[in-house]
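All remarks here apply to the structure that follows.
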Amino acid sequence: MRTVRAPQTAALAALLALAATHVAVSPFTKVEESFNAQAMHDVQLLLQKRDMDVLASFDHHEFPGVVPRTFVGAITVAAASWPLRTALETAAPLIEDVRALAHAAGHDPDTSAPVPLRDGILSLYAMRGTLAILVWLAFVRLSVALTRRFGNACGTWFAVVCCCQFHLVFYLGRPLPNTFAMALSAYALARWLESSWEECVGILAFCTVVFRCDTIILTAWVCLMILARRETNIFALVVDGIASGTSSLFLTFAVDSFMWDRPVWPEGSVLFFNTVLNKSHEWGVLPPHWYFTNALPKALMAALPLSILGILQPLDRFAKSVPDLLAAPATGSGLETSRKVLESMVDLDVMSLLWFPAVGYVATYSLLPHKEVRFLFQVFPYFNALAALGLARLQWAASSAMAQKKESAAQSFSLRRVLARLGLVGAVVALLASAGVATAHLAVSAHNYPGADALMYVQNHHEKYRSSTPAKVHYCVYAAMSGITRFVEHGPRSLSYSKREDEAFEASLCASKEFDYLIMEPSRVTNDEACKAHFEIIYTAQGKPKMIWREARIATEPALYVLQRKQ
């Protein structure tokens, strides 16, 4: 059995370090992550106070969202986060000094709100860091499985490829249902590579029932390949899937019915909403080819073309098979010759394990009109595994050709050596380019949360000038969607918050004397005379960042105004 070696360990450690960097640089969450972020906060509060009356104040009772979501992931992360939370509390003074220096280096202290390490922000770091570690462990497990199946080079390259991607590392610690699904998909693939199809199907069934119902597409393709590979029969497959699915349904129904205070199967509701009611198109539609021509190239970057190498036979095996194909008798059947040619060019074992499930999932999902990159998270491990295998085979081809001792052998393998070396160099350059683009995207993402920036400015301003005076803050929908959660609301005890959304309330907001601070979009402030009459702008939160590649800079624009009632 192959064991993990130092380069692979270093690459996996780098992946965890990058995930931690993303959490530190861009800790806040957006609207897609809001349910799990709020749920983690509320569950942590429940675990700390150990008072069931806290359930009545959970955010989802007031803001349930379009469809219910499961609490299983939030409870798991919140329960597992206490070691990291304790460590962060211990290191808080040092972290505060480092973040203050980083903030001073990147912002004008006269116009920019500092980023305090309040109790809520510490908890947010702990939650997201814990989630990143849990997902990372699933990728470690897959890297080890690739090592055992294909060799150390494949496991190492898998970790390297993951490090060079923005989307994967960025979302590694983000509380999306898709992130949980990506981790379970990676772990399920690891078990399948280790010849445990039962666990693979069981994990995918659990993921389908609890976190993402669309995982049923991947499950179907994996089951089809398991049957095609004759690893089991359809009866055993169905029994395993039903047993796993039923137990998973019992878990999510019990937990979520209790948390939602009504009988509910969250992913069943999502499935009904998207299929029977067909409401997903209300969030936008895209052409069928979009996943292949736009989403995958942007998300996988260099790994996408490299994944094609993974399904090709090693160069030495292909070179050795060419003379046999040329010497085949002319009387042989065309079908048999075609089969031999195909087997000499592509690795059918790898195609059935990795390529067909991944491409089949994307192709099937392309039939649905509403599309988002995050819907493909479950197959990122498959494409990265293919890319890693392709890189490993390039490395093996180059090293084996160099090891030839006989002159005749060296001459016959010279072309393969040149091709392998050129291919490996080109692949490394492509990965470095991907890493550079990923770094730029990370820098852009740090400016993408004006809501959190604006609210923290209010907290600091009030604490500095009016700390003993009770005050109310209202923030608009866009602010709530761009970084504000209950974690961020932890501030001076004299502040209270509102995020009501009804039109009648919004219409009379500026004329009302209820609020001392408002966080609003510039267009609303500009067009509302009552706002101008009763409030003054004290801070502008920049957002909506864009990378200006020619100038190597990030451009932002005013995204939110912080208004204070005139004295």
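The values are calculated or read from the model by the stated rules, or taken from the named source; none is laboratory data. Just so we're clear, the structure is a prediction, and the values are computed from it rather than from any experiment. All Cβ positions, even for glycine, are placed from backbone atoms using ideal geometry, and neighbour counts span all protein chains on display. Surface accessibility is based on the protein's heavy atoms, side chains included, excluding ligands, DNA and RNA. Shrake-Rupley method; radii C 1.70, N 1.55, O 1.52, S 1.80 Å.
Brief remarks on what is shown
- The value given for the chain is a Kirkwood hydrodynamic radius of 26.2 Å, derived from the mean inverse Cα-Cα separation.
- Look at the dipole of the chain built from charges on Cβ: of ALA153, TYR365, GLY73, the Cα furthest out on the positive end belongs to ALA153.
- Computed over protein heavy atoms with a 1.4 angstrom probe, the accessible surface ordering of TRP260, TRP396, largest first, is TRP396, TRP260.
- Long-range tail of P(r) for the stretch 450-565 (Cα pairs > 25 Å, %): 21 percent
- Take each peptide in 429-436, 518-525, count the other Cβ atoms within 10 Å of every residue, and average; sorted highest first, the result is 518-525, 429-436.
- Shown for the chain: cysteine residues without a partner Cβ closer than 4.7 Å, namely CYS154, CYS162, CYS163, CYS164, CYS200, CYS207, CYS213, CYS223, CYS476.
- Computed lengthening from ASN278 to TYR465, 0.36 nm per intervening residue step minus Cα-Cα distance: 62.2 nm
- Taking HIS167, HIS60 and ordering them by how much accessible surface each has at a 1.4 Å probe, largest first, produces HIS167, HIS60.
- If the chain linking ASN527 and VAL418 were pulled fully straight, counting 0.36 nm for each residue of separation and taking away their Cα-Cα distance, it would gain 32.6 nm.
- Entry note, the chain: relative contact order of 17 percent, from Cα contacts under 8 Å with a spacing of 6+ residues.
- Which of GLU506, GLU551, GLU96 is most accessible, then next, and so on - probe 1.4 Å: GLU551, GLU96, GLU506
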